[in-house]
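Written below as structure tokens is the structure these notes are about.
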Protein chains: 2
Amino acid sequence: MSQQIRTVAVIGCGVIGMSWACLFLAKGLKVIITDPVEGAEDRFRRYLDEAWPSIQLQLGSLQQEPAKNYEFVADIVPRLIEVDFIQENGPERVEFKQELFKTLDQHARPGVVIASSSSGLPSSAFIGQCEHEPGRILIGHPFNPPHLIPLVEVVPHAGTTPAIITTAMAFYRALGKRPVLIRKEVPGFVANRLQAAINAEAYSLISRGVISAEDLDTAVTSGPGLRWGVTGPIVTNALGGGGGADGFNTRLERLGPAIRGWEKDMLEHRFDWSEERLSLLKAEVGNYLTAVNWSELTRQRDSVLLQLLKSKPNL
Amino acid sequence: MSQQIRTVAVIGCGVIGMSWACLFLAKGLKVIITDPVEGAEDRFRRYLDEAWPSIQLQLGSLQQEPAKNYEFVADIVPRLIEVDFIQENGPERVEFKQELFKTLDQHARPGVVIASSSSGLPSSAFIGQCEHEPGRILIGHPFNPPHLIPLVEVVPHAGTTPAIITTAMAFYRALGKRPVLIRKEVPGFVANRLQAAINAEAYSLISRGVISAEDLDTAVTSGPGLRWGVTGPIVTNALGGGGGADGFNTRLERLGPAIRGWEKDMLEHRFDWSEERLSLLKAEVGNYLTAVNWSELTRQRDSVLLQLLKSKPNL
């Protein structure tokens with residue numbers, strides 16, 4: 001049960017692991033961290049100092065000083081006995097994860113959830129050597145940075161037990177996250193597939209010369225993208241059909257034939273990753289991106305993102 | 001030149017026409033409106049009264065009382081001599097628009113832009129009978145509601161003159177809109193195609209039972225959708241590759257092979273509009289939408305949207 005989770009192990013403390021650890025600390029948990037990379041602890045301390053103010057802004061009432069309730073350890077194995085939840089963030093290599101999960105499963109207490117941040121590998125790919133309790137392993141895939149973006153994709157493998165799924169969902173929810181349940185392992189899970197869908201059409205339109213890369217971004221940020229932080233594709237469709245439970249079907253009937261026409265054209269011209277189209281795409285994108293003021297852009301993005309998150313606590 | 005545009009004709013005053021007219025009025029323009037529907041003028045007055053506070057919120061300093069500088073006319077033809085810009089919002093039927101644009105082109109002053117709000121028909125489909133100046137006709141496709149959402153897709157036909165494109169872009173920009181130029185007529189233009197891309201994958205995942213309709217929406221609104229109001233697909237990709245002008249290519253090289261794998265699976269399972277998948281989709285969506293509190297949702301959406309627009313004046 002998530003109420004009993006007091007101590008979390010963070011296995012692998014790169015960009016994702018550091019952000020998870022910040023969030024766990026901000027929520028008052030004890031965090032035991034391991035990462036073999038030289039200087040990982042120093043890097044984490046700097047990351048925590050920098051991230052703390054934005055976590056404070058988002059969560060409201062936090063102590064001013066970054067939490068200190070964490071510990072870096074060279075070997076996690078002897079410490080797993082203390083741990084109530086494991087969040088793994090190692091490299092996405094099958095052999096590496098097979099070995100690692102075998103060890104984690106062998107030494108974690110019974111019933112402790114072992115969640116992997118893996119964005120690519122489904123857990124069925126690396127539980128083969130787990131002899132104790134493979135049913136407590138699943139994916140808990142966050143969006144970068146996990147301490148700010150609420151989405152967590154929870155992806156069980158076929159043998160993950162329902163109780164473990166419930167515990168993981170409740171734990172992430174208790175952290176203020178918005179976990180969604182992916183019922184079947186599919187490549188890319190859900191959010192990355194939806195991003196891939198829009199990206200593929202974007203690459204197609206730019207490489208066909210239909211629109212400049214800059215205007216393509218504007219077509220999203222000044223148009224449908226404004227809504228997608230508030231209403232997802234399904235509710236947006238329903239509102240386009242006049243709202244209400246019937247709105248979705250109304251829109252589908254009214255626009256269906258037109259949409260199928262667009263889809264046909266999209267399929268015909270889909271981005272095929274050929275050298276020719278890749279170089280057209282990269283040339284158009286290059287023109288645009290060399291003119292971007294990156295530090296100003298990321299500053300504005302972070303500020304808008306924090307305001308947006310604060311303005312929609314219940315959405 | 002957009003500086004000389006003082007009087008705008010709004011041809012067709014349904015949902016889109018009403019919203020355009022509100023925006024033109026808020027920007028101090030005189031608006032001459034025609035719509036054959038019984039009660040159109042009363043309906044517009046009510047719409048204007050309701051929309052004015054949110055326009056005020058967005059634009060800052062507006063007079064408290066809704067502008068009165070508009071006129072409904074039964075026949076626009078004798079008034080076209082007064083008009084500096086025409087925004088057409090009639091029904092999307094080819095024969096209807098062919099006839100209408102013939103008349104507008106015949107009576108509008110030389111050099112006056114005739115823009116159609118058409119979301120589906122490209123202007124090449126309905127300029128065939130324009131004998132005077134078809135080169136001043138183009139699409140100016142807004143997003144609903146045009147008085148709030150900045151995006152306008154400007155879509156010339158092959159014969160639209162460069163000067164007219166420049167005038168239309170400058171006029172929309174002067175209204176506070178973010179016009180983008182679609183260089184070639186493609187079905188659905190750009191923003192609707194990008195929406196169709198994400199919708200198609202959403203329908204596929206829901207009808208395959210991979211995710212519930214509610215969780216699908218959350219996967220967008222709590223994940224990538226949070227960013228799309230601020231950074232478009234291209235800049236988001238570049239930031240995912242570490243930012244900077246090289247970030248886009250870095251991401252493409254690092255994730256390209258994985259993305260191609262997702263695309264393969266997406267193509268294999270794409271939503272085919274079969275009765276079977278449609279009914280699975282509708283059943284899942286129905287479960288979700290019957291539980292939505294629509295009035296609360298739209299209130300929250302509008303409030304978040306206004307805050308978001310105010311928080312990113314330069315993005």
Could you tell me how far the Cα centroid of the range A:249-313 sits from the Cα centroid of the range A:67-133, in Å?
36 Å
What is the distance in Å between the Cα centres of the range A:1-54 and the range B:141-159?
46 Å
Radius of gyration and Dmax for the range B:49-122's Cα atoms, expressed in Å?
15.7, 43
Using the Kirkwood radius built from alpha carbon pairs, what does the Stokes-Einstein equation give as D for the protein assembly as shown at 20 °C and 1.002 mPa s, in µm² per second?
82 µm²/s
Applying the Karplus parametrisation 6.51 cos²θ - 1.76 cosθ + 1.60 with θ = phi - 60° to the phi angles of the range A:193-208, what ³J(HN,Hα) value in whole Hz is obtained for each residue in order, glycine and proline being reported as x?
5, 5, 5, 4, 5, 5, 4, 4, 5, 4, 4, 5, 5, 5, 6, 7
Give a residue-ordered list of calculated ³J(HN,Hα) values for the range A:28-45 (Karplus: 6.51 cos²θ - 1.76 cosθ + 1.60, θ = phi - 60°; whole Hz; x for Gly, Pro).
x, 8, 8, 10, 10, 10, 9, 7, x, 6, 4, x, 4, 5, 4, 4, 5, 4
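Using the Cβ atoms and a cut-off under 15 Å, what net charge is assigned to the surroundings of A:Pro110, where Lys and Arg are +1 and Asp and Glu are -1? Mind showing how you got there, number by number?
Details: positive: A:Arg109, A:Arg136; negative: A:Glu82, A:Asp84, A:Asp105, A:Glu131, A:Glu133.
That works out to -3.
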Within a Cβ distance under 14 Å of A:Thr161, other residues only, what is the Lys/Arg minus Asp/Glu net charge?
-1
Label zone at B:Lys184, where the point sits 7 Å out along the Cα-to-Cβ direction: the range A:257-277 residues whose backbone N lies under 19 Å:
A:261-277
Sorted shortest first, the nm distances from the A:Asp42 label point (7 Å along Cα→Cβ) to its counterparts in the other copies are 7.7
At R0 = 22 Å, FRET efficiency that the Cβ-Cβ distance of A:Ala125 and A:Asp75 yields, to 0.05:
0.30
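Could you tally the net charge around A:Arg43, taking each other residue with its Cβ under 15 Å from the Cβ of A:Arg43, Lys/Arg +1 and Asp/Glu -1?
Values: positive: A:Arg45, A:Arg46; negative: A:Asp35, A:Glu38, A:Glu41, A:Asp42, A:Asp49, A:Glu50.
Here the charged neighbours net out to -4.
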For the pair A:Asp49 and A:Asn287, how long in nm is the line joining their label points, each one 7 Å along Cα→Cβ?
4.4 nm
Enumerate the calculated ³J(HN,Hα) couplings along the range A:210-215 in order (Karplus 6.51 cos²θ - 1.76 cosθ + 1.60, θ = phi - 60°), each rounded to whole Hz, writing x wherever the residue is Gly or Pro.
6, 8, 6, 4, 5, 5
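How high is the relative contact order of the range A:191-311? Use alpha-carbon pairs under 8 Å, at least six apart in sequence, and give a whole percent. Mind dumping the intermediate values first?
Values: 59 pairs, mean separation 36.7, N = 121.
Answer for the range A:191-311 is 30 percent.
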Set the Förster radius R0 to 56 Å, insert the Cβ-Cβ distance between B:Lys310 and A:Thr161 as r into 1/(1 + (r/R0)^6), and round the FRET efficiency to 0.05.
0.75
Solvent-accessible area of B:Asp42 with every protein chain in place, 1.4 Å probe, in Å² to the nearest 10
80 Å²
Could you sort A:Leu281, A:Leu306 by their accessible area in this structure, using a 1.4 Å probe and putting the largest first?
A:Leu306, A:Leu281
Which of the pairs A:Lys282/B:Lys310; A:Lys264/B:Lys102; A:Lys27/A:Lys312; B:Lys27/B:Lys310; A:Lys264/B:Lys264 have their Cα atoms more than 25 Å apart in this structure?
A:Lys282/B:Lys310; A:Lys264/B:Lys102
Which far-off residues, 5 or more places away or on another chain, put their amide H under 5 Å from the one on A:Val152, with H placed in the peptide plane?
A:Arg178, A:Val180
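Excluding ligands, DNA and RNA, what is the accessible area buried between chains B and A, summed over both sides, using a 1.4 Å probe, to the nearest 100 Å²?
On the way: alone 17590 and 17600 Å², together 25220 Å².
Protein heavy atoms only, the B-A interface buries about 10000 Å².
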Amide H partners (placed H, <5 Å) of A:Ser116, local residues excluded
A:Glu88, A:Leu138, A:Ile139, A:Gly140
Enter the angle in degrees (range 0 to 90, nearest 10) between the Cα long axis of helix B:15-26 and the first principal axis of the Cα atoms of chain B, meaning the one along which they spread out most.
60 degrees
Say a paramagnetic label sat at a point 7 Å from the Cα of B:Glu268, along Cα to Cβ; which residues of the range A:186-213 have their backbone N under 14 Å from it?
A:186-189
accessible surface per residue for the range B:2-181, probe 1.4 Å, DNA/RNA/ligands not counted, whole Å² -> 42 Å²
Taking the label point as lying 7 angstrom from Cα along the Cα-to-Cβ axis, what are the distances from A:Asp302 to the corresponding position in the remaining copies, in ascending order and in nanometres?
3.5
How large, in percent, is the carbon and sulfur part of the accessible surface of chain B at a probe radius of 1.4 Å?
51 percent
Just the accessible area for A:Ile16, please: 1.4 Å probe, Å², rounded to the nearest 10?
50 Å²
Nm distances between copies for B:Glu92, ranked from closest, using label points 7 Å along Cα→Cβ
3.7
Positions from the range B:250-265 whose accessible area shrinks by 30 Å² or more when the full protein complex is built, not the chain alone, probe 1.4 Å
B:Leu252, B:Arg260, B:Trp262, B:Glu263, B:Asp265
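Percent relative contact order of chain A, based on C-alpha pairs within less than 8 angstrom and at least six residues apart? It would help to have the intermediate numbers written out before the result.
Values: 432 pairs, mean separation 42.6, N = 315.
Reported as a whole number, the value is 14 percent.
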Probe 1.4 Å, all chains present, heavy atoms only: A:Val292 accessible area in Å², nearest 10, is 30 Å²
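The values are calculated or read from the model by the stated rules, or taken from the named source; none is laboratory data. Since we're looking at a predicted model, the values are computed, not measured. No Cβ is skipped: glycine too gets one built from the backbone with ideal geometry, and neighbour counts run over all protein chains shown. Remember, those area values only see protein heavy atoms, side chains included, never the ligands or the DNA or RNA. Shrake-Rupley method; radii C 1.70, N 1.55, O 1.52, S 1.80 Å.
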